[in-house]
Amino acid sequence: MNEDNALDVVIGAGSGIGLALIERWQRAAERPSLAITRSTERLLALADLPGVTCEATDYSDEQLASLADRLLERGADVARLVICNGVLQGEGYRPERAVGQIEGTAMRQVFELNTFLPMRVLSALMPVIKRSRSPKIAVLSARVGSISDNRLGGWYSYRGSKAALNMMLKCTALELRRVNPQAKVLAYHPGTVDTPLSKPFQASVAPEKLFKPQRAAQALDEVMAGLTIDSELSYLDWQGEVIPW
């Protein structure tokens, strides 16, 4: 693998954390970055950054496969891959406080964005990950995905989607142990970040625990830099502290 082909990739680069992470990496100028996002408006904010390539996608299996093919053709050596996609609520639905509030369409949407999409990305990019020298892969999970830490209940679909994501990431880490033991997978809790996702719930968050996207990107960058390559899935928060499964 040619070191000149080293690349950082952010999926969901139009999110608050994704955008801040790309900007942070660009300032460090360690290697080129590839920003993947659904939002063409967000792409405009990144397009002028040196060393950053931007691509829009609808996240269909076909477009993800095309992305993987292009990365393989260029011999890309993915150093860091961060998947930022996720949702807490949307138009017409909010986190369920009681089991009777579960509604199929809303639940499927939450699982699609929080669980299925990140795993479809990893599935498409696995040939690239296998060939990369020592890729560090971070996927935004959440502390509420912890089963043993759940003492309040509620938020059925969100909690369930993140717990399911964690299990699938565990499977991914075990697979990579066989096919690329130098890869490292992280399920990451970024804390409460000042983004549209958390906006409806910020009133109950202490000011010192509400992070600007730039602070969240710094924390994620530092946690990834400190990861040990051990063929295990790590489940860590923004302080680098272990979250119980």
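Taken together, the values in this text are just the output of simple stated rules run on the coordinates, not laboratory data. Treat the numbers as computed from the prediction; the structure is a model and nothing was measured. When we count neighbours, we look across all protein chains shown, and the Cβ atoms used for this are built from the backbone with ideal geometry, even at glycine.
For the chain, the longest principal axis of the Cα atoms and the long axis of helix 117-131 meet at an angle of about 20 degrees.
Our summary gives the chain a relative contact order of 20 percent, counting only alpha carbon pairs under 8 angstrom and 6 or more residues apart. Between the Cα long axis of helix 61-73 and the first principal axis of the chain there is an angle of about 30°, rounded to the nearest 10. Using the Cβ of Pro213 as centre and a radius below 11 Å, the other residues enclosed give a net charge of +1, where K and R count +1 and D and E count -1. Every helix of 4 or more DSSP H residues in the chain counts as -39500 (n - 2.57), and over all residues that averages to -12000 deg cm²/dmol at 222 nm. For the chain, the normalised intensity computed at q = 0.15 Å⁻¹ comes to -1.06 (log10 of I(q)/I(0), Debye sum over alpha carbons, equal scatterers, no solvent). Once Rg and the Kirkwood radius are both taken over the C-alpha atoms of the range 143-186, their ratio Rg/Rh works out to 1.13. Between helix 213-225 and the chain, what is the angle of the helix's C-alpha long axis to the longest principal axis, kept within 0 to 90° and rounded to the nearest 10? Result, in degrees: 60. Taken along its principal axes, the alpha carbon cloud of the range 88-185 reaches lengths of 47, 27, 15 Å, longest axis first.
Volume per residue of the convex hull around the Cα atoms, evaluated for the range 20-82, comes out as 86 Å³.
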